[in-house]
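Below you'll find the structure, written out as structure tokens, and then a few comments.
The values are calculated or read from the model by the stated rules, or taken from the named source; none is laboratory data. This one's a predicted model, so the numbers in the text were calculated from it and none came from an experiment. Reconstructed Cβ throughout: ideal geometry from the backbone, glycine too, with neighbour counts over all protein chains shown.
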């Protein structure tokens with residue numbers, strides 16, 4: 001029985017093409033990365049999505065020229081050369097997508113005023129003569145010659161991609177780029193025929209799209225992606241966006257609804273964080289649909305087949321566009337079609353795959369733009385994402401082994417699942433009476449339902465396999481001698497650290513509050529404002545506590561960066577938490593904490609409960625290593641060094657595939 005009849009019904013795109021289902025993968029993997037000799041990771045990333053059953057897979061942005069559209073410093077390409085190296089390499093995406101029965105499209109874009117010139121022959125242009133307030137770059141107001149030239153650039157881009165083997169293009173018309181700059185009354189300040197009314201503001205965008213349609217004919221797919229709401233006062237509204245969609249009937253085939261402005265991505269929900277409802281743009285797409293007969297798609301934090309089905313069934317959109325979710329689990333479509341939605345790895349919206357970029361104003365990103373373009377696509381919960389090798393071409397083990405995995409947290413479960421799937425006999429031993437390890441806290445924290453889903457999904461994946469799970473089991477030499485494994489994986493995790501602060505015995509380790517071993521009072525001081533302390537402090541603030549965080553470093557959640565850190569800090573600000581950064585904890589009492597403020601003065605903070613989150617340390621593994629004797633062993637996850645979930649999944653996977661090689 002099909003659990004998702006609307007999601008798996010076909011969608012007619014034009015006279016030539018029909019989506020086999022209502023799932024499209026959003027533009028990811030910069031198109032011109034294909035010209036990098038090391039682009040295989042990028043090819044595999046999008047091929048895996050096509051293999052996973054999506055109807056349509058979009059390749060990420062290609063700037064239409066290298067004069068005023070060039071945004072990421074990638075190699076220059078002659079788009080009029082439709083037989084050369086670049087066309088062949090960019091076409092590799094399309095060939096791999098087609099191999100699995102999906103439609104292949106590629107994104108064309110122009111950043112307009114958001115261009116940062118790299119060389120003397122480059123400039124930024126847009127609707128207005130202005131200084132870009134974010135970059136300080138002078139922006140020249142476009143004239144009609146510019147408009148005609150750029151419309152032709154888009155046509156040349158279409159012909160290049162058609163020659164490369166694509167079925168169509170998706171035009172980046174949102175997020176503050178060139179199309180938005182003309183369409184939004186907030187950004188378009190022109191007083192000529194290209195400014196003012198919606199009809200005037202739409203003239204240049206329609207000029208481009210009509211030139212493309214006239215040049216490419218009716219069978220070439222043209223999808224238009226738009227921010228239906230700038231989310232700023234005075235910006236474009238979903239009603240105006242719907243009217244614009246109506247103007248495009250007969251020109252574009254698909255109309256995709258997004259939201260926001262890229263240089264203020266978190267505030268405007270251009271990228272939704274875990275603190276924003278899933279499907280956050282479906283109310284906008286519902287409005288747009290009322291104005292047009294063009295099929296309307298929606299993107300925006302959607303990570304479950306159940307919600308996808310509901311959005312289409314309720315008439316809020318005609319198709320669903322998945323971005324980060326396609327990386328978290330490229331097999332979503334196949335799993336949902338098979339009636340197994342509980343097996344989907346549901347995106348956490350943690351921003352591991354794309355943390356933001358320097359162009360968006362994130363100065364704490366640990367990558368330069370060129371490095372970031374290659375980094376995009378790693379995933380916290382999917383160790384196969386952006387792998388340096390092809391998982392599907394792995395040779396089977398030369399020898400099947402009996403594998404003992406010690407520890408049933410994320411790393412241990414990931415290793416158990418992968419080792420079993422490789423054909424090994426797996427015993428998973430866990431000292432507690434439950435699987436999930438440190439992720440037990442997700443059963444309590446109200447901001448972590450997706451991480452809880454991931455934990456429960458792993459537990460279910462272990463359960464549906466013939467893995468010998470031993471709970472309440474402490475592994476020692478006697479146990480190892482009894483089991484006689486051929487290989488041991490040590491996944492014993494980490495435990496809280498407890499630095500020697502005077503009076504530390506008066507505080508509770510913060511995780512004890514999640515366990516219910518301490519019930520915090522109204523006024524809580526959290527000593528330690530790293531990621532654990534900040535996130536748990538936020539949870540306490542949302543559940544009725546007055547929270548003060550004391551952090552020695554200049555900023556809380558210092559190990560986080562980019563969009564996730566911004567989302568977290570903004571959420572903390574909403575809850576009126578007190579953040580004492582650059583502040584040293586001097587002493588802890590039963591109902592107070594004495595601190596040294598940045599100016600050197602001391603202050604006593606009265607409270608009802610003191611919690612501390614002062615870091616983690618690996619559980620010692622020496623005894624287990626010695627007990628293993630001559631048996632080969634691998635250490636994974638936090639047992640190597642305290643880390644995040646992505647380290648657990650990746651090391652668990654890698655350890656499993658190395659066994660028996």
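In table form, for the structure just shown:
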quantity: Residue that is surrounded by 20 or more Cβ atoms within 10 Å (Cβ to Cβ) and farther than 20 Å from residue 635 by Cβ, where the choices are 538, 531, 471, 458; calculated: 538
quantity: Among (1) touching a helix residue (DSSP H, G or I) at 6+ places or on another chain (Cβ under 6 Å); (2) at pLDDT below 95 - the single one residue 497 does not satisfy; calculated: (1)
quantity: Test: residue in region 54-62 that is under 21 Å from the mean Cα position of the chain (by Cα), at pLDDT 95 or above, part of a loop (DSSP other than H, G, I, E, B) and within 19 Å of residue 325 (Cα to Cα); calculated: yes
quantity: Extreme residue, farthest from the chain's Cα centre (by Cα), among residues of region 643-661 that are on the phi < 0 side of the Ramachandran plot, outside any helix (DSSP H, G or I) and surrounded by fewer than 19 Cβ atoms within 10 Å (Cβ to Cβ); calculated: 661
quantity: Any hit, region 380-402, residues being in a loop (DSSP other than H, G, I, E, B), without any contact (Cβ under 8 Å) to a residue 24 or more places away in the chain and in contact with a helix residue (DSSP H, G or I) (Cβ under 8 Å, 6 or more places away or on another chain); calculated: no
quantity: Single condition residue 476 does not satisfy, out of (1) in contact with a strand residue (DSSP E or B) (Cβ under 6 Å, 6 or more places away or on another chain); (2) surrounded by fewer than 20 Cβ atoms within 10 Å (Cβ to Cβ); calculated: (1)
quantity: Count of residues meeting criterion [touching a strand residue (DSSP E or B) at 6+ places or on another chain (Cβ under 6 Å) and over 21 Å from residue 95 (Cα atoms)] in region 155-176; calculated: 5
quantity: Qualifying residue in region 584-598 (condition: surrounded by fewer than 22 Cβ atoms within 10 Å (Cβ to Cβ), touching a strand residue (DSSP E or B) at 6+ places or on another chain (Cβ under 7 Å) and more than 20 Å from residue 609 (Cα to Cα)); calculated: yes
quantity: Residue within region 144-154 that is assigned to a loop (DSSP other than H, G, I, E, B), crowded, with 16+ Cβ neighbours inside 10 Å and at pLDDT 95 or above present; calculated: no
quantity: Subset of region 241-267 (residues that are in a helix (DSSP H, G or I) and under 17 Å from residue 355 (Cβ atoms)); calculated: 262, 263, 264, 265, 266, 267
quantity: Region 599-617, subset surrounded by fewer than 18 Cβ atoms within 10 Å (Cβ to Cβ) and under 30 Å from residue 475 (Cα atoms), residue modelled with the highest pLDDT; calculated: 617
quantity: Residue check for residue 525: over 23 Å from residue 274 (Cβ atoms), surrounded by 21 or more Cβ atoms within 10 Å (Cβ to Cβ) and either modelled with pLDDT of 95 or more or assigned by TED's automatic domain parsing to the domain that holds residue 409 (or both); calculated: yes
quantity: Lone unmet requirement of (1) in a loop (DSSP other than H, G, I, E, B); (2) in contact with a strand residue (DSSP E or B) (Cβ under 6 Å, 6 or more places away or on another chain); (3) under 30 Å from residue 44 (Cα atoms) for residue 83; calculated: (2)
quantity: Any pair with Cβ under 6 angstrom, 6 or more apart, that starts in region 323-342 at a residue that is assigned by TED's automatic domain parsing to the domain that holds residue 272 and ends at one that is surrounded by fewer than 18 Cβ atoms within 10 Å (Cβ to Cβ) and outside any helix (DSSP H, G or I); calculated: 339/3
quantity: Of the criteria (1) in contact with a helix residue (DSSP H, G or I) (Cβ under 6 Å, 6 or more places away or on another chain); (2) at pLDDT below 95, which one residue 656 fails; calculated: (2)
quantity: Test: residue 139 is closer than 14 Å to residue 64 by Cα and either crowded, with 17+ Cβ neighbours inside 10 Å or not assigned by TED's automatic domain parsing to the domain that holds residue 31 (or both); calculated: no
quantity: From the options 355, 366, residue that is assigned to a loop (DSSP other than H, G, I, E, B), within 15 Å of the chain's Cα centre (by Cα), outside the structural domain of residue 414 (by TED's automatic domain parsing) and farther than 29 Å from residue 4 by Cα; calculated: 355
quantity: Test: residue in region 304-315 that is crowded, with 19+ Cβ neighbours inside 10 Å, assigned to a helix (DSSP H, G or I) and out of contact with any helix residue (DSSP H, G or I) (no Cβ under 9 Å at 6 or more places or on another chain); calculated: yes
quantity: Selected residue [under 23 Å from the mean Cα position of the chain (by Cα), buried (at least 16 other Cβ atoms within 10 Å of the Cβ) and not assigned by TED's automatic domain parsing to the domain that holds residue 274] from 422, 452; calculated: 452
